[in-house]
Amino acid sequence: MSATIEARIWRGGAAGKFETFSVPRRESQTVLDVVTFIQRKLDPTLSYRFACRVGMCGSCAMTVNGRPRWTCRTHVARLGDGPLTVEPLANLPRIKDLAVDMAPFFDKWAKAGGKFVPSAAEGADFARVEPESEARRQADAGIECIGCAVCYSACDLVSWNPDYLGPAALNRAWTLVNDVRDGGQEARLSAVAGDAGCHACHSQQSCREHCPKSLNPTASIAGLKRASLRAAWKGGA
Amino acid sequence: MNFRARAETIAWGAQRASAAVLGVCVLVHLATILYAVRGGLTAAEILGRTRGSAALALFYGLFVVAVSIHAPLGLRTIARETFGWRGGALDLAAAAVAVFLVWFGWRAVGGLFG
Amino acid sequence: MNRPHRNHPAWWAFAVHRLSGLALALFLPLHFWALGQAIGGEAALDGFLRWTENPLAKFAETGLVVLLAAHLAGGLRVLAIEFLPWSPRQKAAVAVSAGFALAAGLLFLFNVGVA
């Protein structure tokens, strides 16, 4: 391993270019450490986003050597000895340098019916949900999402159709479809069905391959496909 | 479910249902191809097997219907994703392809089995 | 363009499924046309079949058999993902699909007397 890392960092917004920095190599160094070193020691005008540094907040995702990754938990040593290329996430508008506008990503969570709709009246007793029930286990499999947009950035369908809701929003919808307390299922299935929703997914599984939390949006989306087909078959409003 | 969501969902379901039918049809078709090509193909050999066989005619008639549902829906998806072509005109074009394939396919089945 | 995020078996399986599907859809009218020669009687169909005896046509036919088998196996894989409980053996499913397609192609070459 060389003593320094040659880091190619994207500078500018939609139009811009790579700038190369030389960063000293350290033990247990993450990609976020490299970016932070550049900002603190070499060029304070570098813009990027992070908060927790321990893989919880979901704000530090960037494109590292062509793949979307959470930079705070991506060790430079694991990426090999070549130059390190860091770009903003794909499929989202670039604001400046490594920061993207996350608004379209979270707007789609709302569009996909990602909000819990209580069915019980206020003041009602607690709902009893068996931990071992099938629905609860389906919901459990998807609820650890940290909203980092790595899957959204890895998804071809998003790049082919800007309206496509994307893996994270659909995964969120699937956890709510399996929430027996929720009363907004019909509107939700309407929102997630079709050309810009679950039925556009081709199970390429790039979301599953790249999810830092090892979630499986492909399986969640498959669940939505079946649930909305059942709803469409039965008719309804 | 609203109309648009329902229509797209049904279209998706039709593509998967036709895929399931095609799964069986293509398996039989592939086995037939691999068996029939031994020693070369002649028209007499093919027509000797097909002419007057109601069961085979029915099978291939169904095969044509399934593929005429499956292929246009697939092409429609490719048009959307590759060229960004969406909307009513695309749906109409896909339907036209479906009608053409059924007609052209049944015509061939008629020629072989009639 | 550099797209390392696509370099995994399920994505490649998608690419094969899409390209084989497109090729088969384009071939289909040709296939119906060729079989439709039978309407003109045995001689007309024989004329066409004799033409397919040339090596280039045999090569194309082998390609079509591989595409058809690949689209079949890949399609069953997709149906399994969408309608069956999730299987952790996704890579194996892709490998089996590819093996099935290649086996069909080899069997065709063998039966047609080339190999």
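The values are calculated or read from the model by the stated rules, or taken from the named source; none is laboratory data. Since we're looking at a predicted model, the values are computed, not measured. Note that we place each Cβ from the backbone using ideal geometry, even for glycine, and neighbour counts take in every protein chain shown. Heavy atoms of the whole protein, side chains included, go into the accessibility calculation; ligands, DNA and RNA do not. Shrake-Rupley method; radii C 1.70, N 1.55, O 1.52, S 1.80 Å.
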Output the residues of segment A:197-229 meeting this criterion: accessible area (heavy atoms, 1.4 Å probe) in the chain alone minus accessible area with all protein chains in place is 40 Å² or greater. A:199, A:202, A:203, A:204, A:205, A:209, A:225, A:226, A:229
Span-like helices, chain B: DSSP H, alpha-carbon axial extent 20 Å or more, mean Kyte-Doolittle -1.0 or greater, which ones? B:3-36, B:54-83, B:88-113
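Grab the DSSP H runs of chain A that are 4 residues or longer, score each as -39,500 (n - 2.57), total them, divide by all residues and round the 222 nm result to the nearest 500 deg cm²/dmol.
Working: 9 runs with 77 residues, N = 237.
The per-residue figure over chain A is -9000 deg cm²/dmol.
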For residue A:18, the residues 5 or more places away or on another chain with a placed amide H closer than 5 Å to its own amide H are A:11
Using a cut-off of 22 Å between alpha-carbon atoms, which lysines can reach residue C:91, once sequence neighbours fewer than 8 places away in the same chain are excluded? A:213
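Just add up the charged neighbours of residue A:65: K/R +1, D/E -1, any other residue whose Cβ is under 10 Å from the Cβ of residue A:65.
Working: positive: A:8, A:67, A:69; negative: A:87.
Net local charge, residue A:65 excluded: +2.
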Can you flag which of A:108/A:225; A:225/C:58; A:41/A:96 are past 29 Å Cα-Cα? A:225/C:58
Relative to the longest principal axis of chain C, what angle (0 to 90°, nearest 10) does the C-alpha long axis of helix C:55-83 take? 40
For chain C, the longest principal axis of the Cα atoms and the Cα long axis of helix C:90-112 enclose an angle in degrees, to the nearest 10, of 20
Between residue A:25 and residues 5 or more places away or on another chain, the pairs with built amide H atoms under 5 Å apart involve A:4, A:5
Could you sort C:33, B:103, A:109 by accessible area so the largest value comes first, with the probe set to 1.4 Å? B:103, C:33, A:109
Amide H within-cut-off set for residue A:117, under 5 Å, with H built and near neighbours excluded: A:183, A:184
Could you name the aspartates and glutamates whose alpha carbon sits less than 20 Å from that of residue A:17, not counting residues in the same chain fewer than 8 places away? A:6, A:43, A:87, A:97, A:101
3J(HN,Hα) from dihedral phi, segment A:218-223, Karplus parametrisation 6.51/-1.76/1.60, rounded to Hz, x for glycine, proline: 4, 5, 4, 5, 4, x
